[in-house]
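Read the structure below first, then the notes.
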Amino acid sequence: MMPSAATDSIGKPPLRVLLCSPRGFCAGVVRAIDTVERALALHGRPVYVRHEIVHNKYVVEALKTKGAIFVEELDEVPATAIVVFSAHGVPKRVIDEARHRNLFTIDATCPLVTKVHREAEIHYRRGREIVLIGHGGHPEVVGTIGQLPSGAVTLVETLAEAAAFVPRDPARLAYVTQTTLSVDDTAEIIAFLKQRFRAIVGPQKDDICYATTNRQEAVKRVAPQVQAMIVVGSPNSSNSQRLKEVAERSGCPSAALVGRARDIDWERFGELRNLGITAGASAPELLVEEIIGAFAERYSISLETVSAANEDVFFPLPRPLRNGEAAE
């Protein structure tokens with residue numbers, strides 16, 4: 001449905017587009033993608049990747065064309081093959097299985113996820129029961145829980161679950177969080193846990209990563225100014241889903257998660273005069289440009305950038321790739 005608003009001199013209705021900044025790839029995603037590409041360059045085809053390296057269909061398909069083979073479990077990987085662990089991290093049982101099968105492994109786990117793993121391990125060694133705030137079934141959550149013995153970690157997804165949680169010893173508690181959660185939702189759960197359990201211990205620095213925080217802050221600034229928001233990202237991307245929710249909660253009447261331009265539901269927008277666009281941390285900028293181009297075919301657009309932070313974070317490649325050697 002084309003808008004009925006006044007049109008410009010070439011017949012297209014005007015559209016003000018506010019681009020959220022930062023958006024798109026974070027340092028952990030860049031590192032993960034570069035890990036697969038570097039492994040292919042050093043070792044040739046194929047390189048196996050356990051789970052999607054990042055949660056973006058376009059990225060995964062592009063790596064497949066270069067020789068990456070994606071699997072869900074290691075029993076799909078031939079003996080002595082090279083396998084990359086995704087940015088989300090893996091349980092220790094997967095690492096043990098790879099070692100037992102003599103697979104060459106390259107760990108592309110985001111360093112900020114590894115930080116959460118180490119925090120959980122320290123709390124466990126100090127005798128604390130651990131609460132993990134996160135979304136059940138997400139690979140990052142599965143990986144974090146899988147760092148420790150069964151029963152050491154209790155997953156809490158909601159305030160209701162936080163209220164129902166009964167610890168073994170309220171005086172020996174700690175919490176960690178998934179890195180891609182809603183900042184506001186997580187803060188609410190943490191505040192509730194701290195109110196219930198005065199002795200609960202948390203991380204010195206928030207587990208929600210800088211990229212998640214910055215992208216959500218940019219969306220909060222743009223959402224009240226626009227009639228609709230497009231979040232470029234895949235449905236299985238946690239941080240992208242949270243951006244959509246943040247947009248809706250921050251005053252945007254309509255927010256849509258869109259994989260790429262062909263997925264835009266044009267009937268949804270109606271008489272559109274202003275639009276916000278952002279992208280999840282695993283969505284490449286070229287998909288943002290593609291979507292802007294699709295709107296430019298229908299509207300006379302003016303682009304403005306709304307910035308919440310400047311990012312200059314860089315994570316080096318896993319050590320085996322920096323040295324140009326096979327993984328151990």
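The values are calculated or read from the model by the stated rules, or taken from the named source; none is laboratory data. Because the structure is a prediction, the values reported are computed rather than measured. Note that we place each Cβ from the backbone using ideal geometry, even for glycine, and neighbour counts take in every protein chain shown.
None of Gln178, Gln216 is out of contact with any Phe, Trp or Tyr (no Cβ under 6 Å at 6 or more places or on another chain) and outside the structural domain of Val153 (by TED's automatic domain parsing) except Gln216. When Gly24 is tested against (1) in contact (Cβ under 8 Å) with a residue 24 or more places away in the chain; (2) surrounded by fewer than 22 Cβ atoms within 10 Å (Cβ to Cβ); (3) at positive phi, just one condition goes unmet, and that condition is (2). The residues on offer are Thr144, Thr154, and the sole one that is assigned to a strand (DSSP E or B) and modelled with pLDDT of 95 or more is Thr154.
The rows are residues; the columns are (1) polar (S, T, N, Q); (2) touching a His at 6+ places or on another chain (Cβ under 6 Å); (3) free of Cβ contacts under 8 Å to residues at least 60 places away in the same chain.
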residue: Thr186; (1), (2), (3): yes, no, yes
residue: Arg198; (1), (2), (3): no, no, yes
residue: Cys209; (1), (2), (3): no, no, no
residue: Gln216; (1), (2), (3): yes, no, yes
residue: Val231; (1), (2), (3): no, no, yes
residue: Ser234; (1), (2), (3): yes, yes, no
residue: Glu245; (1), (2), (3): no, no, no
residue: Ala255; (1), (2), (3): no, no, yes
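Determine if the stretch 66-89 includes at least one residue that is touching a Ser or Thr at 6+ places or on another chain (Cβ under 6 Å) and either acidic (Asp, Glu) or in contact (Cβ under 8 Å) with a residue 60 or more places away in the chain (or both). The answer is no, given that none of the residues of the stretch 66-89 is touching a Ser or Thr at 6+ places or on another chain (Cβ under 6 Å) and either acidic (Asp, Glu) or in contact (Cβ under 8 Å) with a residue 60 or more places away in the chain (or both). Are any of the residues in the stretch 187-197 more than 30 Å from Phe295 (Cβ to Cβ), at pLDDT 95 or above and in a loop (DSSP other than H, G, I, E, B)? Yes - at least one qualifying residue is present in the stretch 187-197.
Lys115 meets each of the listed conditions (1) crowded, with 20+ Cβ neighbours inside 10 Å; (2) in contact (Cβ under 8 Å) with a residue 60 or more places away in the chain; (3) within 30 Å of Gln216 (Cα to Cα) apart from (1).
Filtering Ile122, Ile133, Ile106 for residues that are over 23 Å from Val166 (Cα atoms) and β-branched (Val, Ile, Thr) leaves a single hit, Ile106. Tell me, please, whether a residue that is within 12 Å of Ser182 (Cα to Cα) and out of contact with any Asp or Glu (no Cβ under 9 Å at 6 or more places or on another chain) can be found in the stretch 247-256. For the stretch 247-256, residues within 12 Å of Ser182 (Cα to Cα) and out of contact with any Asp or Glu (no Cβ under 9 Å at 6 or more places or on another chain): present. Of the strands (runs of 3 or more DSSP E) contained entirely in the stretch 223-316, those carrying at least 2 residues that are touching a Leu at 6+ places or on another chain (Cβ under 8 Å), under 29 Å from Asp34 (Cβ atoms) and modelled with pLDDT of 95 or more fall at 228-232, 274-279, 300-307.
Give the residue that is surrounded by the fewest Cβ atoms within 10 Å (Cβ to Cβ), with candidates limited to residues of the stretch 50-66 that are within 21 Å of Gly89 (Cβ to Cβ) and of a type in the set (Val, Ile, Thr). Among them, the one singled out is Val60. Picking from residues in the stretch 27-49 that are closer than 19 Å to Val288 by Cα and of a type in the set (Val, Ile, Thr), the one that is surrounded by the fewest Cβ atoms within 10 Å (Cβ to Cβ) is Val30. Ala39: without any contact (Cβ under 8 Å) to a residue 40 or more places away in the chain, touching a strand residue (DSSP E or B) at 6+ places or on another chain (Cβ under 6 Å), over 24 Å from Ser238 (Cα atoms) and not assigned by TED's automatic domain parsing to the domain that holds Val232, yes or no? No; evaluated as a whole, the condition is false for this residue.
With respect to the numbered conditions (1) among the small types (Gly, Ala, Ser); (2) modelled with pLDDT of 95 or more; (3) within 30 Å of Leu40 (Cα to Cα); (4) exposed (fewer than 14 other Cβ atoms within 10 Å of the Cβ), which one is the sole condition not fulfilled by Ala164? Condition not satisfied by Ala164: (3).
When Val141, Val201 are checked against the criterion of being over 22 Å from the mean Cα position of the chain (by Cα) and aliphatic (A, V, I, L, M), a single residue qualifies: Val201.
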